[in-house]
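Let me begin by presenting the structure, written as structure tokens, before commenting on it.
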Amino acid sequence: MTLPNQTASRLFVLKAGPKDFTFESGPLLMGVLNVTPDSFSDGGAYLTLDQAVKHARQMQADGADILDIGAESSRPGAQPIDETEELRRLIPVLKAVREAVALPISVDTTKAVVARRAIEAGAVIVNDISALRGDPLMAGLVAETGVGIVLMHMQGTPKTMQKAPRYENVVEEVSGFLQERIQIAIADGIRPSQIILDPGFGFGKLQEHNLQLLAEFEAFAKLGYPLLAGVSRKQFIGNLVRQPVHERGYGTAGAIAVAVLKGAHIIRVHDVRAMKDTVTVVSAISRHARSSVGGSNA
Ligand code: HH2
């Protein structure tokens, strides 16, 4: 396997509100906190304030670098919820987690009103799986507040996306889409230093598309932005290991190892403890491989 030249990409500084993220010591781990009754992997597990705060504390202790809090499921077939319900689920948890842990918080939402309230409560990244297509006010909000923004690729919407996804060349099409969204973001006043890109594993993709995106993940490095990989426990891993959601940890580790070797900067995971070790080992090997280029055999 050829390793991409990551020396330059590790010098990224992501500007997220008051927080600067660098990637010098390897990829950052984003721990998932879903306050939803219906998420595919952990729906209903962290619905009370106590459960959510306990889980956030545990992820901090396990080595998470960022917490991504979401109150609306985006699993295939999920029913959208309105902003009142999303705010009701999200804001009290976000505030309590902010008090309880020192980690920077990302909010997984496509709605500008929800993102604004989350930013006021301390979130520094908006993880927008619609890549600014879900709400015309989102780009302006991100530009105004200076928070980080994840632009993710999705074909269709969560309700319909797995019905018949089609691509001629998935890597080229996802890259083209991300390039377009970057241009729109910048035209709307978002600075390049605020942007994170994500090919959107499982969002309107068949098995072969997910495998191709991972096999050619380094192609996205050419776009020149930090990259996020969200593979944790997803169906394409389940299809390979033939395990239910909670038994996909080893399979997830395999996919994460490839994403790290191929240049991912942020890894979004449910099992922080195990994936921290995976990322630590793989990024040490990757750093070693790069530093030994030009070594004794040169
Ligand atoms: N995946 C999920 C949700 N949000 N955000 C980004 N940027 N990338 C992803 O791959 C991604 C995401 C789906 O996982 P999960 O949050 O566990 O499930 P659900 O959407 O059912 O809450």
>> Suppose we filter G43, G26 for residues that are more than 16 Å from the ligand (Cβ to nearest atom) and of a type outside the set (A, V, I, L, M, F, W, C); which single one remains?
In response: G26
> Which of (1) more than 25 Å from D38 (Cβ to Cβ); (2) within 12 Å of the ligand (Cβ to nearest atom); (3) of a type in the set (F, W, Y) does F236 not meet, given it meets every other one?
Replying inline: (1)
> Just wondering, is there one or more residues in the range 234-246 that are more than 17 Å from R75 (Cβ to Cβ), part of a helix (DSSP H, G or I) and either modelled with pLDDT under 95 or out of contact with any Gly (no Cβ under 7 Å at 6 or more places or on another chain) (or both)?
Replying inline: no
>> Cβ contacts < 9 Å: first residue closer than 21 Å to L67 by Cβ and of a type in the set (D, E), restricted to the range 77-100; second residue at pLDDT 95 or above and not in a loop (DSSP other than H, G, I, E, B), any location; separation 6+ or different chain. Result?
In response: E86/V113; E86/V114; E99/V53
>> Just the residues that are within 16 Å of the ligand (Cβ to nearest atom) and under 19 Å from L14 (Cβ atoms), please, taken from the range 131-152.
In response: A131, L132, M138, V142, V147, G148, I149, V150, L151, M152
> Of all residues in the range 181-202, which are within 16 Å of the ligand (Cβ to nearest atom) and surrounded by fewer than 20 Cβ atoms within 10 Å (Cβ to Cβ)?
Replying inline: I182
> Which is away from the ligand (no atom under 16 Å from the Cβ), under 16 Å from the mean Cα position of the chain (by Cα) and farther than 23 Å from D135 by Cβ, of A164, A229, A215, A221?
Replying inline: A221
> Looking only at the range 154-178, which residues are polar (S, T, N, Q) and surrounded by 13 or more Cβ atoms within 10 Å (Cβ to Cβ)?
Replying inline: Q155, T157, T160, Q162, S175
> Does D62 fit the bill of being within 16 Å of the ligand (Cβ to nearest atom) and in contact (Cβ under 8 Å) with a residue 60 or more places away in the chain?
Replying inline: no
> Pick from the range 22-41 the residues that are surrounded by fewer than 17 Cβ atoms within 10 Å (Cβ to Cβ) and closer than 18 Å to I267 by Cβ: which of them is nearest to the chain's Cα centre (by Cα)?
Replying inline: T22
> Is there a residue in the range 122-130 that is farther than 24 Å from A215 by Cβ and away from the ligand (no atom under 16 Å from the Cβ)?
Replying inline: yes
> Applying the selection to the range 113-124, what residues are out of contact with any Gly (no Cβ under 6 Å at 6 or more places or on another chain) and either among the charged types (D, E, K, R) or closer than 14 Å to G146 by Cα (or both)?
Replying inline: A115, R116, R117, A118, I119, E120, G122, A123
> Residue check: is K205 within 16 Å of the ligand (Cβ to nearest atom), over 16 Å from V147 (Cα atoms) and of a type in the set (K, R)?
Replying inline: yes
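The values are calculated or read from the model by the stated rules, or taken from the named source; none is laboratory data. Since we're looking at a predicted model, the values are computed, not measured. All Cβ positions, glycine included, derive from the backbone under ideal geometry; neighbour counts span all protein chains shown.
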